[in-house]
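The values are calculated or read from the model by the stated rules, or taken from the named source; none is laboratory data. No experiment lies behind these values; they were computed from the predicted model shown. Positions of Cβ are backbone-derived with ideal geometry, glycine not excepted, and every protein chain shown enters the neighbour counts. These accessible areas exclude ligands, DNA and RNA; they are computed on the full protein's heavy atoms, side chains included. Shrake-Rupley method; radii C 1.70, N 1.55, O 1.52, S 1.80 Å.
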Amino acid sequence: MTTTAPDAVLPYEEAVATYDPVLGLEVHVELNTVTKMFCGCPTAFGAEPNSQVCPVCLGLPGALPVLNERALESAVRIGLALHCTIADWCRFSRKNYFYPDMPKNYQISQYDEPIAHDGRLDVELDDGTTFRVEIERAHMEEDTGKSVHVGGATGRIHGAEYSLVDYNRAGIPLIEIVTKPIVGAGVRAPQIARAYVTALRDLLRALAVSDVRMEQGSLRCDANVSLRPSPDAPFGTRTETKNVNSLRSVERAVRYEISRQAAVLRAGGRVVQETRHWHEDTGITTSGRSKEQAEDYRYFPEPDLVPIAPDRARVAALEATLPEPPTQRRRRLQADWGYSDLEMRDVLNAGALDLVEETVAAGAPPAAARKWWTQELARRANSDGVELSALPVTPAQVAALQSLVDSGTLTDSLARQALDGVLAGEGDPEQVVVARGLQVVSDDAALGEAVDRAIAAHADVAEKVRGGKTAAAGALVGAVMRDMHGQADAAKVRDLVLSRLAPADAGDG
């Protein structure tokens, strides 16, 4: 038992100056198969509780599992993308434990014979350096059901009045990706943890094997942390912070746990091997349960499933389907588009890379595509509380808007009004422009009349311009734009104003 209160922490900088952190990250990925891992039940998220179940995923007597072929192919593709060795032969095991979310009282998983092992993933950090994370294994298993604890203040079982169990998630295909101990991270350990999960999420999204939505639980990270007095000392006792569900939280949880364990050790206590819960609201971890060893689960081979021997030709064919690695793709696109590192980071932070790429492919200049998605559209998405991709506008429509600006049909201001119509479902940009009458007025006579009205209404400003103070022309341009309801080319209006107010002797020599 520790001698330090659970919430005692050492300042982070002091903690990493005193102790060497070692990480281990376990990421669970729900695959986007149509049916579950071992039965034909659907996998759609958000269905009524216990409406997507059958005798197999409920563990009823006599029900036999059958492996989902698509899930096996996804597992192989994930392993290949992580540079893993794909096993020539592997099998499932039963992981035995009693908990309400496991109707069979065991989970079908892989133990000592995973489908993929010994891989790597290189991750880029914010300072431009690369850190290699070694992968221990990627194995197949089924997800558990979901317990809902009702009546408590925290949503956890402690203090709840009663609990409900939804078995829709039981049997969903999972891939668990486990790193080897991550050493040498030092002060950058929290940043590396976040960068790794980010890079893994991007890779899985590129593979199209999962929607990797952490907020819905289709990507979950368990963060193992231990401390040792120096890099050449044996590993310390680790804790496992379970089900961290955002990239930011991965970084915060690792940072907090390093500080907490350092305080325990500094006070002369010992770190307890246990699972811990991450609290997003307070930014701390709290004790969960003592961590079982592998033997506590009484693993043994699953008798109802035959071993798996992937055909080498099929593995080679799946390898040929792998997409361009996300990091390589980002570098290529940045070079093609001529973006600075800061501009590319803005695109990535906005989650707009695919949208910008499609907009450029539809004909928009790269600079304009970036501005639309990272500025105007990002602002609207934030205001509506939705993802950029959920906005009711397509990259092709954004490219069409920019084309209307480039051709002089719309000003930037009018283009934003046209965007309002597109987002409101009024049609494509060209249809909105016609329906709302948003075209720029290009009739010289009409513009000239508006300029004359502005000069007459602002005679004092006009005199300043005639006297050579051309900066004052901006006020007249603004008056014309208001008169024309923004449907004029400001540059053309300025030229007309300066032409009208040029000194009489301007051309004499």
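Considering segment 355-384 alone, what residues qualify as being open to solvent by 70 Å² or more (accessible area, probe 1.4 Å) and more than 19 Å from residue 416 (Cβ to Cβ)? Don't jump to the end; show me each part of the working.
As a first pass, look at segment 355-384 and keep what is open to solvent by 70 Å² or more (accessible area, probe 1.4 Å): 358, 361, 371, 375, 379, 382-384.
Scanning segment 355-384 gives 358, 361.
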| If you scan segment 301-338, which residues turn out to be among the aliphatic types (A, V, I, L, M) and either open to solvent by 50 Å² or more (accessible area, probe 1.4 Å) or not in a helix (DSSP H, G or I) (or both)? | 305, 306, 308, 309, 313, 316, 320, 322, 335
| remark: Given the conditions (1) without any contact (Cβ under 8 Å) to a residue 60 or more places away in the chain; (2) open to solvent by 70 Å² or more (accessible area, probe 1.4 Å); (3) out of contact with any strand residue (DSSP E or B) (no Cβ under 8 Å at 6 or more places or on another chain), every one holds for residue 64 apart from (1)
| note | Pairing a residue in segment 435-452 that is on the phi < 0 side of the Ramachandran plot with any residue that is modelled with pLDDT under 75 and charged (D, E, K, R), where Cβ atoms lie under 6 Å and the two sit 6 or more apart in sequence or on different chains, gives 440/489; 450/483
| message | Out of 350, 362, I need the residue that is in contact (Cβ under 8 Å) with a residue 12 or more places away in the chain, more than 27 Å from residue 82 (Cα to Cα) and among the small types (Gly, Ala, Ser). Which one? | response | 362
| task | Can you work out which of the residues in segment 158-196 that are among the hydrophobic types (A, V, I, L, M, F, W, C) and in a loop (DSSP other than H, G, I, E, B) is farthest from residue 130 (Cα to Cα)? | result | 160
| Cross-chain or 6+ apart pairs with Cβ under 9 Å, segment 228-243 first and touching a residue at least 12 places away in the same chain (Cβ under 8 Å) and over 30 Å from residue 212 (Cβ atoms), then surrounded by fewer than 17 Cβ atoms within 10 Å (Cβ to Cβ) and of a type in the set (Gly, Ala, Ser) | 231/184; 231/186
| said: Being of a type outside the set (S, T, N, Q) and either closer than 22 Å to residue 19 by Cα or open to solvent by 10 Å² or more (accessible area, probe 1.4 Å) (or both) is the filter here; which residues of segment 207-216 pass it? | reply: 208, 211, 213, 214, 215
| If a residue has to be farther than 26 Å from residue 196 by Cα and either hydroxyl-bearing (Ser, Thr, Tyr) or in a loop (DSSP other than H, G, I, E, B) (or both) to count, how many in segment 132-157 make the cut? | 9
| query | In the list 35, 43, which residue meets the criterion of being farther than 21 Å from residue 275 by Cα, in contact (Cβ under 8 Å) with a residue 12 or more places away in the chain, of a type in the set (Ser, Thr, Tyr) and touching a helix residue (DSSP H, G or I) at 6+ places or on another chain (Cβ under 9 Å)? | reply | 35
| task | Output the residues belonging to segment 221-245 that are open to solvent by 50 Å² or more (accessible area, probe 1.4 Å) and not polar (S, T, N, Q). | result | 229, 231, 232, 234, 235, 238, 242
| task | Give 471, 479 a once-over and let me know the one that is under 28 Å from residue 409 (Cβ atoms) and under 51 Å from the mean Cα position of the chain (by Cα). | result | 479
| said: Could you check segment 206-253 and list, in sequence order, the residues that are of a type in the set (Asp, Glu) and within 23 Å of residue 171 (Cα to Cα)? | reply: 211, 215, 222
| request: Would you check which residues across segment 385-403 are open to solvent by less than 30 Å² (accessible area, probe 1.4 Å), free of Cβ contacts under 8 Å to residues at least 40 places away in the same chain and either of a type in the set (Gly, Ala, Ser) or under 12 Å from residue 351 (Cα atoms) (or both) and list them? | output: 388, 400
| note | Picked from segment 246-270 (must be among the hydrophobic types (A, V, I, L, M, F, W, C) and either open to solvent by 50 Å² or more (accessible area, probe 1.4 Å) or at pLDDT below 95 (or both)), the residue farthest from residue 197 (Cα to Cα) is 267
| request: Take the residues in segment 383-403 that are in contact with a helix residue (DSSP H, G or I) (Cβ under 9 Å, 6 or more places away or on another chain), part of a helix (DSSP H, G or I) and modelled with pLDDT under 95, then tell me which one is farthest from residue 358 (Cα to Cα). | output: 384
| field | Members of segment 180-202 that are touching a helix residue (DSSP H, G or I) at 6+ places or on another chain (Cβ under 8 Å) and open to solvent by 10 Å² or more (accessible area, probe 1.4 Å) | value | 186, 187, 191, 194, 198, 199, 201, 202
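Return yes or no: is residue 343 surrounded by 12 or more Cβ atoms within 10 Å (Cβ to Cβ), modelled with pLDDT of 95 or more and either within 30 Å of residue 418 (Cα to Cα) or touching a Cys at 6+ places or on another chain (Cβ under 6 Å) (or both)? Quick ask: steps written out before the conclusion?
Working: surrounded by 12 or more Cβ atoms within 10 Å (Cβ to Cβ): yes; modelled with pLDDT of 95 or more: yes; either within 30 Å of residue 418 (Cα to Cα) or touching a Cys at 6+ places or on another chain (Cβ under 6 Å) (or both): yes.
Considered against the rule, which asks whether it is surrounded by 12 or more Cβ atoms within 10 Å (Cβ to Cβ), modelled with pLDDT of 95 or more and either within 30 Å of residue 418 (Cα to Cα) or touching a Cys at 6+ places or on another chain (Cβ under 6 Å) (or both), residue 343 comes out as yes.
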| query | So which residues in segment 10-56 are among the β-branched types (Val, Ile, Thr), closer than 24 Å to residue 191 by Cα, surrounded by 17 or more Cβ atoms within 10 Å (Cβ to Cβ) and out of contact with any strand residue (DSSP E or B) (no Cβ under 8 Å at 6 or more places or on another chain), if there are any at all? | reply | 16
